[in-house]
Amino acid sequence: MRKIAILFSTLILGCVVSLFYLGSLLSRPNQLLISPPPLSLGAESVSINVDEGSPIQGWFVKGSENQGSILLLHSLRSNRLEMVERALFLKNAGYSVLLIDMQAHGESKGPYISFGYIESRGVNSAIKYLKNRRSKQPIGVIGVSLGGAAVLLGDEPLEVDAVILESVYSSIDIAVQNRLELRIGFLSKYLAPLLFKQIEPRLGISTKQLSPLDAISKLKSPIMIISGTADLHTRLPETIELFAKANEPKKLWVIDGAKHQNLHKHSPIEYESRIISFFHTHLTINSSFNYK
């Protein structure tokens with residue numbers, strides 16, 4: 001019995017140490033020197049000042065004068081390169097496009113990743129940049145996973161004309177639970193609290209500030225929510241609950257068989273058709289949605 005107790009204690013201690021290390025990995029910056037933009041994109045490099053924090057780095061693609069602008073926001077531990085294929089088809093449709101590296105990602109500096117809350121400041125600054133550069137043009141956003149959370153978690157609702165959210169977690173505790181379950185199975189139920197309880201002392205952010213489910217009702221823009229039936233990181237019931245709390249007008253697209261992955265690559269033809277249709281409806285000059 002004593003040997004069993006020692007073995008069990010050692011196992012628990014090992015799990016605790018591993019979870020502490022995992023917490024460090026998840027919030028650690030994932031910065032990378034980005035190569036010049038693809039020639040086919042025709043982009044210029046931009047640096048956007050943020051009220052609180054380091055400047056955000058990105059690429060801007062100028063589109064037609066009578067079309068709107070789209071801000072593209074990448075997923076966790078990624079960067080603007082993830083969004084290049086989306087930028088290309090949006091450019092071909094005539095839209096101006098801004099791709100950014102959010103805080104602590106790519107070429108944008110930052111002390112840590114905050115799972116959407118502090119990243120929202122860079123998103124707001126990027127929207128201001130588009131409003132200044134493309135005056136009186138409607139603005140849309142595509143936010144993937146972390147990028148979608150950053151759209152929702154700002155101190156004030158984002159003032160844009162259309163929003164597309166892909167694979168966005170509903171709350172940080174469920175997100176942690178899902179990811180741990182994939183790695184350690186049933187033990188995640190007992191060990192997940194040890195991971196998300198690190199958030200406030202590490203980042204100075206409460207778990208209440210990391211709840212897209214609570215924040216989405218504040219968003220007044222037309223919204224489209226996309227997720228996959230096989231996504232084990234953001235499960236389908238979370239997406240449906242998120243959609244239920246969103247304001248009208250809204251659309252839900254559930255992609256059969258898609259995991260927590262690049263949904264554009266999974267279903268490129270249908271993805272491009274649906275996204276262009278949604279933006280065409282809400283970003284044309286004479287039908288821009290009044291969010292005020």
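The values are calculated or read from the model by the stated rules, or taken from the named source; none is laboratory data. None of these values were measured; they are calculated from a predicted model. Here Cβ is always computed from backbone atoms with ideal geometry, including for glycine, and neighbour counts include all displayed protein chains.
A few notes on this one:
- Residues in region 231-275 that are of a type in the set (A, V, I, L, M, F, W, C), in a loop (DSSP other than H, G, I, E, B) and touching a His at 6+ places or on another chain (Cβ under 9 Å): 232, 258.
- Unmet criterion (only one of (1) surrounded by 15 or more Cβ atoms within 10 Å (Cβ to Cβ); (2) at pLDDT 95 or above) for residue 194: (2)
- A single entry from 255, 223, 240, 269 fulfils the requirement of being hydrophobic (A, V, I, L, M, F, W, C) and touching a Pro at 6+ places or on another chain (Cβ under 8 Å): 223.
- Taken over region 197-226, the criterion of being of a type in the set (Lys, Arg) and either not in a loop (DSSP other than H, G, I, E, B) or not assigned by TED's automatic domain parsing to the domain that holds residue 250 (or both) is satisfied by 197, 202, 208, 218.
- In region 153-191, the residue that is modelled with the highest pLDDT out of those that are surrounded by fewer than 21 Cβ atoms within 10 Å (Cβ to Cβ) and among the aromatic types (Phe, Trp, Tyr) is 186.
- Candidates 244, 230, filtered to the one that is in the same structural domain as residue 140 (by TED's automatic domain parsing), closer than 22 Å to residue 156 by Cα and either touching a residue at least 12 places away in the same chain (Cβ under 8 Å) or hydrophobic (A, V, I, L, M, F, W, C) (or both): 244
- Meets criteria (in a loop (DSSP other than H, G, I, E, B), among the acidic types (Asp, Glu), touching a residue at least 24 places away in the same chain (Cβ under 8 Å) and farther than 30 Å from residue 94 by Cβ) for residue 155: yes
- Inside region 239-292, residues that are of a type in the set (Gly, Ala, Ser), within 21 Å of residue 73 (Cβ to Cβ) and modelled with pLDDT under 95 make up a count of 1.
- On the stretch given as region 136-152, residues that are assigned to a loop (DSSP other than H, G, I, E, B) and at pLDDT 95 or above total 2.
- The set of residues in region 236-252 that are surrounded by 21 or more Cβ atoms within 10 Å (Cβ to Cβ) and not hydroxyl-bearing (Ser, Thr, Tyr) comprises 238, 242, 246.
- Being within 13 Å of the chain's Cα centre (by Cα), closer than 25 Å to residue 169 by Cβ and not basic (Lys, Arg) is a condition met by at least one residue of region 81-90.
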